[in-house]
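The values are calculated or read from the model by the stated rules, or taken from the named source; none is laboratory data. What you see is a predicted model, and the numbers here were worked out from it, not measured in a lab. Every residue, glycine among them, receives a Cβ derived from its backbone with ideal geometry; neighbour counts consider all protein chains shown.
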Amino acid sequence: MSTRLPSPPDALTASGSSLDPHISVAFAEEQGARVTKARNLPADKLNQLVVKYTEGRSLGLLGEEGVNVVLLNRAVGELS
């Protein structure tokens, strides 16, 4: 039996509607291996893009940092 760490909360509760284009950094990191395999990208390049498209908290103090998936997907698409 393997021990599996719990998924980030937004992996289970985020809307698929794209109204909020952000996911948590933890959720982006969790998906990294699948994305690098599917897009044939080096992991370090994807990690650099995740850092680049990570945006701070709202008004500098509300919520958590989030990765702008729209911008990240566009950048990954340009590399593929």
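Quick notes on this one:
- Residues of segment 58-80 that turn out to be under 16 Å from Thr36 (Cβ atoms) and surrounded by fewer than 11 Cβ atoms within 10 Å (Cβ to Cβ), as a count: 3
- Single residue of Glu55, Glu29 found to be surrounded by 12 or more Cβ atoms within 10 Å (Cβ to Cβ), at pLDDT below 95 and in contact with a Gly (Cβ under 7 Å, 6 or more places away or on another chain): Glu55
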